[in-house]
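FYI, it's all coordinate maths here, none of it is from the lab. Computed from a predicted model, the values in this text were never measured in an experiment. Using ideal geometry, Cβ is built from the backbone for each residue, glycine included, and neighbour counts are taken over all protein chains shown.
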Amino acid sequence: MKISMLYSEMGVDFLAMRTVVVLLIAAALIAMSAVYVNGYAVGFSKDQARQEIDRIAEVSGAEYAESCPDTGDGVSIDVAIPRCVRRAVFGGTGENNSTVKRQACVYYIEYTDGSSETRVLDARLAYGNDTSQVARDEPVVLYPGRYSLNIKSETMNGSIFAAIYGGAP
């Protein structure tokens, strides 16, 4: 007797079980893909944050290396700090939402996931007050958002600093 594919019911008993197995495997693959894409997006945001913050540090270092304080208008740059950053501190460090400790040649990135990076710079960094146009020996803190910064060499207490105007003290 010849079995026809159209009229045979031999595989019907396990059809529901096969459907469940296929759905479970598909759900697992979708979950793994979502985790991968999320991790990739977070990594991309951190890379973008590092690029923006490193750009500020590089311009500050170049302005400091020029060492002609109190002359010229400095260098203006526009930066965008991504939302994955809790804060970026120039001229200081801080850990776990603690207060910022003053260290003139250091910049610090604290991410929203709790991780952080501290980097050393050859330049001494300081806060430049936009309204009074006076530099102060304080760290500069940047939070997520867009900034138009002006960086120029300043002399304070007999030392040369790269003052960052446009951030928060």
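7 Å from Cα along Cα→Cβ at both R83 and S45: what's the point-to-point distance in nm?
Between R83 and S45, the simple spin-label model gives 0.7 nm.
Starting from the exponent 0.38 and prefactor 2.2 Å, build the expected Rg for the range 12-165 from its residue count and divide its actual Cα Rg by it. Don't skip to the answer; put the middle values down first.
Values: Rg = 22.8 Å, N = 154, 2.2 N^0.38 = 14.9 Å.
For the range 12-165, the normalised Cα radius of gyration comes out at 1.53.
Once you put a point 7 Å from the Cα of Y36 and another 7 Å from the Cα of V20, both along the Cβ direction, what distance in nm separates them?
So the label points at Y36 and V20 sit 2.8 nm apart.
Most exposed first by the Cβ proxy, i.e. fewest other Cβ within 10 Å, how do S33, S60 rank? List each step's numbers first, then the result.
Details: S33 10, S60 30.
So the residues, fewest neighbours to most, are S33, S60.
Between A27 and E117, 0.36 nm times their residue separation minus their Cα-Cα distance comes to what?
On the way: separation 90, 0.36 × 90 = 32.40 nm, distance 3.63 nm.
Computed gain between A27 and E117 is 28.8 nm.
Which order do R55, R124, R18 fall in if you start with the one that has the fewest other Cβ atoms within 10 Å?
Numbers: R55 13, R124 21, R18 10.
In order of increasing Cβ crowding within 10 Å: R18, R55, R124.
Take R102, R86, R146 and order them by how many other Cβ atoms sit within 10 Å, fewest up front. Please list the in-between numbers first.
Values: R102 13, R86 17, R146 8.
Sorted ascending by nearby Cβ count, the order is R146, R102, R86.
Give, in nm to one decimal, the length gained when the segment between A65 and R136 is fully stretched (0.36 nm per residue of separation minus the Cα-Cα distance). Walk me through the intermediate numbers first.
On the way: separation 71, 0.36 × 71 = 25.56 nm, distance 1.92 nm.
So the chain would gain 23.6 nm between A65 and R136.
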